Amino acid sequence: MITLTVLTADFGGFPAGLRAHPLLVEKAAKLLRAEHGKRIIDSFTTRAGGRLASVFTSAGEDGAVCVVDDLCAACRIVSGEIGLSGSGGAETVSLTFEERPGEAVLVFLSAGAAPSVWGMPLCRIFADPFTSPALVREPLMCGGFSFTCDDGSVFSTPAEICGLLRHLEGGRLPVRVERQDRLPAAAAGRGPDPALIVRAGKGLPVVGEAITAAAGNGLMAVSLCDMTPVRPKTACLGFSIHDGMLIGPADLYDDPVFGR
């Protein structure tokens, strides 16, 4: 079993918090690289608008928690030294699963987005066969998916899709999606500018269908370099994972089909 963790944090950016400082990205990347083969397996660090964003794998959740604490403490020091003013808030979203051959994972980052931004995209990806035809043609997905919300309530689709939609309209957030056989499929953050992890490939959503379904809902799909949050945006990083090692990422919205 491996755990994939996405950390996003606001340590201050420039100007007025629009872009994370490269010194913060460099500090976080170096700290995580020093942990390769120790508390974590592999990592990738970038920025998402004004927030630092780190993706890393570990053999369990305990090591990941300690690494996040150390990284945040070090980055807050750097932020203070260069006079940046951020909330200091950090959020992690993680998914623990047994790696499959050809494991494909999509990491969606957001900038300028509300905590509820991933509710409808998750429904389109995992419960709407018109948006995700693989729900019908892929035998392993025909049984549907189970959505766990931030209040602990669980809805099984397709049977309980109407109840799920009403629950989301009432302000609840889906935070975890599993296939009906309990295979972990997705996990979503619940804070400002939340991240989203979606597994793809055989028995799970098709990459092209998933990234198309996640675009929209008030979010502009852009390449990673265009994440300045002058309006709500999302970027998608596509990874393959082999023995816990991150292969990639591919900047999947850096494509003319998503141009505006």
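Here, each number is a calculation from the coordinates, and none is a lab measurement. No experiment lies behind these values; they were computed from the predicted model shown. Note that each Cβ is placed from the backbone with ideal geometry, even for glycine, and that neighbours are counted across all protein chains shown.
Just a few scattered comments:
- Averaging over all projection directions, the Cα-based convex hull of the chain occupies 13.1 nm² in the image plane.
- ASP62 paired with ILE247, simple spin-label distance in nm, labels 7 Å along Cα-to-beta-carbon: 3.1 nm
- Calculated FRET value between CYS162 and GLU26, using beta carbons and R₀ = 51 Å, to 0.05: 0.60
- Zone of SER116's modelled label, taken as backbone nitrogen in segment 212-228 under 20 Å from a point 7 Å along Cα→Cβ: 214-220
- Loop-resident chymotrypsin sites (Phe, Trp or Tyr not before Pro) (DSSP state other than H, G, I, E or B) in segment 104-154 with no more than 10 further Cβ atoms inside 10 Å of their Cβ: PHE130.
- Taking the longest Cα principal axis of the chain as reference, the axis of helix 61-81 is set at about 40 degrees.
- Helix 22-34 vs. the chain, principal-axis angle (Cα, 0 to 90°, nearest 10): 70 degrees
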